[in-house]
Amino acid sequence: MISTQMLNKEQQEGVFTTEGPVLILAGAGSGKTRVLTNRTAYLIEEKGVDPFHILAITFTNKAAAEMKSRIEELVGFGGDAVWVSTFHSCCVRILRRYVDRLGFDTTFTIYDSDDQKALMKDICKRLEIDTKIYKEKMFLNVISSAKNELMDPNDFRLQAGGDYKQLKIATVYAEYQKALLKNNAMDFDDLIMKTVELLSVDAEVREAYQERFRYVMVDEYQDTNTAQFMLIKLLAGKYNNLCVVGDDDQSIYKFRGANIQNILSFESVYPNAKVIKLEQNYRSTKTILKAANEVIANNKGRKSKALWTEREEGAKVAFEQFENAQEEAYFIANDIRKRVAGGEAGYSDFAVLYRTNAQSRLLEERFVASNIPYKLVGGVNFYARKEIKDLLAYLKTIDNGRDDLAVTRVLNVPKRGIGLTTQSRVAEYAYTHDISFYDALKQAKEIPGIGKAATKIAPFVELIEHCRGMLWSEEPLAVLKYLIEETGYVAELEAEGTEEAKARIENIDELISKLADYEQTSDDPSLNGFLEEVALVADIDSYDENSDYVVLMTLHGAKGLEFPNVYMSGMEDGIFPSYMCITSDDRDDLEEERRLCYVGITRAKDRLTMTAARARMLRGETQYNAVSRFVKELPEEVLSGYIKKHATEDMPREDTYRKAKQAFKTKAFGTQPSMQTYAARKAEGITLDYGVGDRVRHIKFGVGTVTQIVEGGRDYEVTVDFDTFGTKKMFAMFAKLQKV
DNA sequence: GTTAGAAACAATCCT
DNA sequence: TGTTTCTAAC
C-alpha cells in the first residue's frame, strides 16, 4: 500500500515518474530508500507491472536485504519476485547461467584479494619479475583500474605505446587473465567486466535480459564505475526505464574506480532524463546539518544543493582534543557509558567512526575494559581468516578441482610432509602437460623426481575424492564436518590450547553454523552456492541494528547508516584528511576526503562529537598531528568545547609543515610527553579491584595469577604469572586487567 | 622439510 | 606496532 501523504512533493515525483530515465539527486537523509521502495510498490500495485520485470541494484547485501524486506512489506503478495541484488551477485547470477559462452565453466570460483595476490606472486615468479621494483600490488591495482574501465589486456597493450613499464604491465595482465581462466576463477572486477562482455557479445543473452528488465533502479549511483555504468546501460537498454539515485557529495569510492562523471553527466547521456532533487533532510538537527553544509561548501565542482530540515536546533557539535589516543578512547568509552547509565540512550544508539581500521584497536581495548558491548565492523573479514580460508580452500578444491590456488593452499595443511620441492615439481609437471595441479597430483607416481613423496600425496587425493563422493548423497555440511574430523584441524588447535587457538576454533564453529544456516534458508543449497555467498559478503552485512551494541567502523563503512549519537575520532591532519591525500598533488583527493567528512557528519541524528589526539602511535612511531582542517571548516557557532583561537591561523603550510613537526617532536621528547592517562588525571589515581593471588584476564596474554603489586605514584606495577605466556610485569593503568 | 627467531617492511578507504 | 619474509639450525 502506498501512503502518499507520508511523502513530500519531490519524493512523490520520484515515485510516480516511472517511465524513461530518471535521475534522483538525493541528499543525505532525504529518504531515498523510501522513494525507491514506494516506487517499486507503485509499479506493481498501480501500474500492474509484473515484479518479474523489475530490477533494483545496490552495493551491499545489507542494503539489498533491507530494500527487499521493505518492498515485501509494502506490496505483500509477489514482492519477493522483484530482483533486488548487489552489482556483484547480479552478475554472478547471470554468469552462472551463461558464462560457458565465454569459455569459463559455470562453476567458476571467485577470488578475493588474498587469492589475487597469491596468484600474482606466482606469475611474477614465472615471468622473473623483480618484485622489489614492481610490486605485486601495483600490478593488481593497475589491472583493477583497467578492468573498471573495461580495458582487456589487448586494449591495455595498445594504449601502452612504447612505455616499457606499461608494456610490462600489459604482459602481466595477459598472463594473469590466462591463469584465472585456467583456474576457472574470476576476481571481483571480472564479475562485472565479463558480464558486460557477455551482454555485448551475445545478442541472445542480451535480448533476454533486456526484455526481462523493463524497470531498472540503481542505488548509490555516485559510486558506480565505468564498467557498472555500461552494465546498467546494457540491462536497461531496451525499455530505458532507468532510475538512478545518488548524491555527488557522497561519492567516496574513487579509489575503487567510481566515476563521478556517471552522475554528473547522466543528463547528457540521457538527454530526456527527468531530474528530481530531494533536499529536505529528515534525519539530523539543524546544527548538524549546518556543520555538514559548511564543510562540503569548500568543495568545487559539485551539483549545488542545500539540505534543510524542519528539525530543532539540537545540541552543538562537541570537539575534544586529548594528549594521546588512549585518552581519546577513554573519553569516548566513558562518555557512552555515562549516557547509557543516565538512561539517555541504549548502546545501539552510538557509533564510533574513524578513518583507518588500525584506529579501532585502542577503542576496542578500551571498550573491553569498560565492559561496553560493541560490534567491530570491518578489519579482517571473517572469511579472510586463516583457519576459515584453509577450510574454504578444501571445499573449493572439492567443488572445483581446477582452482590450483586452493589446492596448493591445503596440500600441506595439516602437515603431510609435502614441501616446497615436491610442490614445484608437481606444478612443473602440471604446466608442461597442460593439466591442473590437482590432476597432476592424481598422477603423482608418474612425476619424475618425486620419489617417496608420492605416497604422501595419495592420502590427500583420496580424501578429496572421498568428499566428492559424499556430495552425491549428503549435504555440504556433512562434508565439512568430515573434513574437520579427518584432517584433525580442530584437534590440532585444541592441542595447542592457547587463547588464539581457542578463538580459531570458535571461528570454525561459526563457519559450521553459517553453512548449516545456509542449508536451511537456501531453496537449492549446494556447495558451490555456499562458496559464492561467502565470496560476496561484505563486512557491513553482519551489522544488525537491532542488537544492543555500540558500533565501531570506518567512515566508509558508515555510508547509508544513521545513529542518534556519532563520534568521529582521530580528527587530525595526517589521519583525516589522510597523510596520503595531504601529500598528493591532486587536489581532487582532498575533495574526496572532504566528502567523506560530509558523510560522517550526516550520519548523526541528534548529537555529534569530534575528537582528536595530540600524539598518536602509528606503526611504532609517535606522531604529533595538528587538529584536522575539517574541524576548522566548521562554523564557530555550531561548535562547543573548542575555542577557535587555539586553531592558530598561522598553521604552517605544506613545506614548513614537516620542519615544524620535527621541532615539536624534539621538544616533546625533551620534556617527556606525559604518560599519564586521562583516567589518572581526572580521577587522581586509580584503584584496583584485584589483589595478590587473584586470577585476572589480560586482553592479549589471557588468564593468569597476580603474584605481586608494587605501588608507584599514581599507578601500580603488577606482576602476573600468565598460564600460557609466563610472568609479566605491567602497569595497571595500561594493562587493563580484569578480575575473573 | 620444518620451525623459530631475526630482520625487513609498511601508507587509507572495499566488492 | 604488527605482519610478512628470510635465514639458520634442527
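Tabulated results
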item: Whole-Hz ³J(HN,Hα) from phi, Karplus 6.51 cos²θ - 1.76 cosθ + 1.60, for segment A:577-592, glycine and proline x; result: x, 5, 3, 4, 8, 5, 7, 5, 9, 8, 4, 4, 4, 5, 5, 5
item: Estimated distance in nm for a label pair at A:A318 and A:D721, the labels positioned 7 Å out from Cα along Cα-to-Cβ; result: 4.4
item: Cut-off 13 Å, label 7 Å out along Cα→Cβ of A:R97, residues of segment A:38-79 by amide N; result: A:52-55
item: Net charge of neighbours whose Cβ lies under 11 Å from the Cβ of A:E13, counting Lys and Arg as +1 and Asp and Glu as -1; result: +3
item: Net length gained if the chain between A:T455 and A:E633 were fully extended (0.36 nm per residue, minus Cα distance); result: 57.2 nm
item: Charge dipole of chain A about the Cα centre (unit charges at C-beta), most positive-ward option of A:G691, A:A297, A:G246; result: A:A297
item: Paramagnetic reach from A:K121 (point 7 Å along Cα→Cβ, amide N under 20 Å) across segment A:433-449; result: A:437-438
item: ³J(HN,Hα) computed for each position of segment A:444-455 - Karplus, 6.51 cos²θ - 1.76 cosθ + 1.60, integer Hz, glycine/proline x; result: 3, 4, 7, 6, x, x, 9, x, 6, 4, 4, 5
item: Segment A:46-121: C-alpha gyration tensor shape, a/c 1.5 cut-off, then a/b vs b/c; result: oblate
item: Formal net charge of residues neighbouring A:K68 (Cβ-Cβ distance under 14 Å; K, R +1; D, E -1); result: -4
item: Coil-residue trypsin sites (Lys or Arg not before Pro) of segment A:363-444, DSSP, other Cβ within 10 Å capped at 10; result: A:K415
item: Residues of segment A:469-498 with amide N under 17 Å of a point placed 7 Å along Cα→Cβ from A:E533; result: A:475-481
item: Mean ellipticity per residue at 222 nm, deg cm²/dmol - from DSSP H runs of n ≥ 4 across chain A, formula -39500 (n - 2.57); result: -14500 deg cm²/dmol
item: Prolate/oblate/rounded label for segment A:551-649 (Cα gyration tensor, a/c 1.5); result: rounded
item: Qualifying GluC sites (Glu not before Pro) in segment A:561-647, DSSP loop, other Cβ atoms within 10 Å at most 15; result: A:E633
item: Convex hull of chain A built on C-alpha atoms - directionally averaged projected area, nm²; result: 36.3
item: Length-normalised contact order of chain A in % [C-alpha pairs under 8 Å, at least 6 apart]; result: 15
item: Distant-in-sequence amide H partners of A:E323 (H built 1.01 Å from N, under 5 Å); result: A:R614
item: Computed E for A:N412/A:K442 - FRET, C-beta separation, R0 22 angstrom, nearest 0.05; result: 0.85
item: Per-residue ³J(HN,Hα) for segment A:499-516, Karplus 6.51 cos²θ - 1.76 cosθ + 1.60, θ = phi - 60°, Hz, x for Gly and Pro; result: 4, 4, 4, 4, 4, 5, 4, 4, 4, 5, 4, 5, 4, 4, 6, 5, 5, 4
item: Alpha-carbon centroids, segment A:183-203 and segment A:126-181: separation in whole Å; result: 18
item: Summed side-chain charge close to A:A28 - residues other than A:A28 whose Cβ falls under 10 Å, Lys, Arg +1, Asp, Glu -1; result: +1
item: A:D155-A:S113 FRET efficiency (beta carbon distance; Förster radius 25 Å; 0.05 resolution); result: 0.60
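Read-outs: derived from the displayed coordinates by stated rules, not from any lab. Computed from a predicted structure; not experimentally measured. Ideal geometry is used to build each Cβ from the backbone, glycine not excepted, and the neighbour counts take in all protein chains shown.
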